Amino acid sequence: MDAPHLQPVPPAAPAPQTPPAPIAPPVPDPARPDITSRADLDALLRRFYTAAFADPLIGPFFTEIAGTDLEVHLPRITDFWERALFRTAEYRRNAFAPHAVLHEARPLTAEHFGRWVQLWHATVDGPHRGPNADRAKAQGERIALAMLRRLGGRDAPTGGTGPGFVPLAAVELRAAA
């Protein structure tokens with residue numbers, strides 16, 4: 001017996017392809033605005049140095065070895081960061097020289113710079129979010145690596161130990177990506 005004549009089934013139409021949704025820029029968070037002014041930097045740096053001075057690992061470099069007076073240091077370091085982020089301040093000092101003096105008194109290691117980076121990130125991330133905050137964190141990482149390499153040589157170890165320690169080797173890897 002002959003099979004009934006079957007008609008071929010036409011292929012299904014391809015599903016319409018919708019373009020992927022564009023990635024929206026981050027929504028500004030009024031509770032965590034970006035760093036936009038010298039006043040923002042002043043407040044940020046006061047918070048950072050308050051934490052750094054009290055830190056058991058890096059605090060002694062500021063308080064005992066350098067004897068840093070925050071009210072004298074703050075305008076200078078604010079000039080530095082204002083120039084680094086906004087290119088508006090006149091910073092003409094040698095940022096490396098005081099660190100070299102500290103290193104002679106007591107060697108600065110990857111663990112010290114890693115702790116500095118950790119405190120810097122936490123201080124920036126607390127009240128700020130945005131491109132300038134991201135740039136401040138990235139610049140802080142670059143500064144820490146550059147200081148370590150200048151003080152300890154190009155092949156200075158970038159590892160470390162301790163609770164919460166951010167090894168500079170991780171910062172190196174992130175910078176290489």
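The values are calculated or read from the model by the stated rules, or taken from the named source; none is laboratory data. The model shown is predicted, which means the values in this text are computed figures rather than measured ones. Cβ sites come from the backbone with ideal geometry, for glycine too, and all protein chains shown count toward neighbours. When the accessible area is computed, the model is the full protein with side chains, heavy atoms only, and any ligands, DNA or RNA have been set aside. Shrake-Rupley method; radii C 1.70, N 1.55, O 1.52, S 1.80 Å.
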(request) Go through the stretch 80-95 residue by residue and tally those that are part of a helix (DSSP H, G or I) and at positive phi. (result) 0
(request) For the stretch 154-171, state whether one or more residues are within 21 Å of ASP55 (Cβ to Cβ), of a type in the set (A, V, I, L, M), modelled with pLDDT of 85 or more and open to solvent by 30 Å² or more (accessible area, probe 1.4 Å). (result) no
(message) Return the residues of the stretch 52-79 that are aliphatic (A, V, I, L, M), under 19 Å from ILE143 (Cα atoms) and not in a loop (DSSP other than H, G, I, E, B); say none if nothing qualifies.
(response) ALA52, LEU74, ILE77
(request) Just give me the residues in the stretch 94-106 being in contact (Cβ under 8 Å) with a residue 12 or more places away in the chain and closer than 20 Å to GLU141 by Cα, in sequence order. (result) ALA95, PHE96, PRO98, HIS99, ALA100, LEU102, HIS103
(message) One residue is enough: does the stretch 130-139 have a residue meeting the conditions open to solvent by 50 Å² or more (accessible area, probe 1.4 Å) and modelled with pLDDT under 90?
(response) no
(request) Could you tell me whether the stretch 113-121 includes any residue that is open to solvent by less than 30 Å² (accessible area, probe 1.4 Å), of a type in the set (Val, Ile, Thr) and on the phi < 0 side of the Ramachandran plot? (result) yes
(request) Consider PRO98 carefully, then state whether it is open to solvent by 70 Å² or more (accessible area, probe 1.4 Å), modelled with pLDDT of 85 or more and not in a loop (DSSP other than H, G, I, E, B). (result) yes
(message) Would you confirm, using the coordinates I've provided, whether THR88 is under 18 Å from ARG135 (Cα atoms), out of contact with any Leu (no Cβ under 9 Å at 6 or more places or on another chain) and open to solvent by 40 Å² or more (accessible area, probe 1.4 Å)?
(response) yes
